[in-house]
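The values are calculated or read from the model by the stated rules, or taken from the named source; none is laboratory data. No experiment lies behind these values; they were computed from the predicted model shown. Cβ placement follows ideal geometry from the backbone for every residue including glycine, while neighbour counts extend to all protein chains displayed. Surface areas here come from the heavy atoms of the whole protein model, side chains and all, with no ligands, DNA or RNA. Shrake-Rupley method; radii C 1.70, N 1.55, O 1.52, S 1.80 Å.
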Amino acid sequence: QIATEHASITGELGHLRKNIEHIKDIVAMQQSYAKVSGVAETVAISELVEDALRMNASGLARHGLEVVRDYEAGIPSMTLERHKVLQVLVNLIRNAKHACDASGRADKRVIVRLTRHESRIRVSVIDNGIGIPPENLTRIFAHGFTTKKDGHGFGLHSGALVARELGGSLTAHSDGPGLGATFTLAL
């Protein structure tokens, strides 16, 4: 019985060590972004998307979401404020996770699509979650608007402001309740 307990505790310790390492990686990544606040730099958008996915990785895995990466080849690097774009992407991915979780579906999926359209690079976060009623599509970017009982209605509003500040846009599309949603950051 002691050997069984020891094996169980050792397994739990390994799991905790892995989670602590993950937390350390996230904090280090956030600190590296905090240092360059206000500084424009040339970055590969796919790197920012991957960083945002890593920052959400434990939540996505814990809730059983499949993540599909759909990156168009040949997307050029851009000069922008890295931490601001990352903040928007992290929020969009987190929102997609919540929408999928709230749907109760077994096949929860988030697609992150990176495309180039004319002079813009678009990052789309597409989920198969609860969707958005048509009457909310016009209101979701308003400060204070939220449908989550513990939400504050600031994430999408600030994301839209950041996108505009960077010369881009943040848009949303949904065919309605239960039909998922697509949020597109165009830069």
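When each of Ser32, Ser37 is tested for being outside any helix (DSSP H, G or I), at pLDDT below 90 and under 25 Å from the mean Cα position of the chain (by Cα), the lone residue that passes is Ser37. There is at least one residue in segment 13-23 that is more than 18 Å from Leu114 (Cα to Cα), at pLDDT below 90 and open to solvent by less than 60 Å² (accessible area, probe 1.4 Å).
In segment 121-137, which residues are β-branched (Val, Ile, Thr) and under 16 Å from the mean Cα position of the chain (by Cα)? Quick ask: steps written out before the conclusion?
Of the residues in segment 121-137, the ones β-branched (Val, Ile, Thr) are 121, 123, 125-126, 130, 132.
Selection gives Val123, Val125, Ile126.
So, of the residues in segment 49-81 that are farther than 17 Å from Asp25 by Cβ and charged (D, E, K, R), which turns out to be most open to solvent (accessible area, probe 1.4 Å)? Outline the logic, then answer.
The first filter runs over segment 49-81 and keeps only residues farther than 17 Å from Asp25 by Cβ, leaving 63-81.
Checking the rest, the ones that are also charged (D, E, K, R) come to 66, 69-70, 72, 81.
On the way: Glu66: 94, Arg69: 123, Asp70: 63, Glu72: 79, Glu81: 37 Å².
Within segment 49-81, the match that is most open to solvent (accessible area, probe 1.4 Å) is Arg69.
Within segment 128-145, residues that are within 25 Å of Val67 (Cα to Cα) have Cβ atoms under 7 Å from residues that are modelled with pLDDT of 90 or more and polar (S, T, N, Q) in these pairs: Gly129/Ser103; Ile130/Ser103; Gly131/Ser174; Ile132/Ser174; Leu137/Ser174, counting only partners at least 6 apart in sequence or on another chain. Within segment 123-182, take every residue that is closer than 14 Å to Cys100 by Cα and among the aliphatic types (A, V, I, L, M) and give me the one that is surrounded by the fewest Cβ atoms within 10 Å (Cβ to Cβ). Of everything passing the filter in segment 123-182, Leu179 is surrounded by the fewest Cβ atoms within 10 Å (Cβ to Cβ).
Candidates Lys108, Lys97: the one that is in contact with a Cys (Cβ under 7 Å, 6 or more places away or on another chain) and in contact (Cβ under 8 Å) with a residue 24 or more places away in the chain is Lys108.
Listed here are the residues, each with its yes/no results for (1) closer than 27 Å to Ile45 by Cβ; (2) more than 15 Å from the chain's Cα centre (by Cα).
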| residue | (1), (2) |
| --- | --- |
| Arg139 | no, yes |
| Asp150 | no, yes |
| Leu156 | yes, no |
| Leu161 | yes, yes |
| Glu165 | yes, yes |
| Gly168 | yes, yes |
| Ser174 | yes, yes |
| Gly178 | no, yes |
| Thr182 | yes, no |
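Would it be correct to say that Val112 is in contact with a Lys or Arg (Cβ under 6 Å, 6 or more places away or on another chain), within 19 Å of Val49 (Cβ to Cβ) and buried (at least 17 other Cβ atoms within 10 Å of the Cβ)? Criteria met by Val112.
Can you tell me how many residues in segment 153-178 are of a type in the set (Gly, Ala, Ser) and part of a helix (DSSP H, G or I)? Can you show your working first?
Pass one, segment 153-178, residues of a type in the set (Gly, Ala, Ser): 153, 155, 158-160, 163, 167-169, 172, 174, 176, 178.
Then drop every residue that is not part of a helix (DSSP H, G or I), which leaves 155, 158-160, 163.
Looking only at that region, the number is 5.
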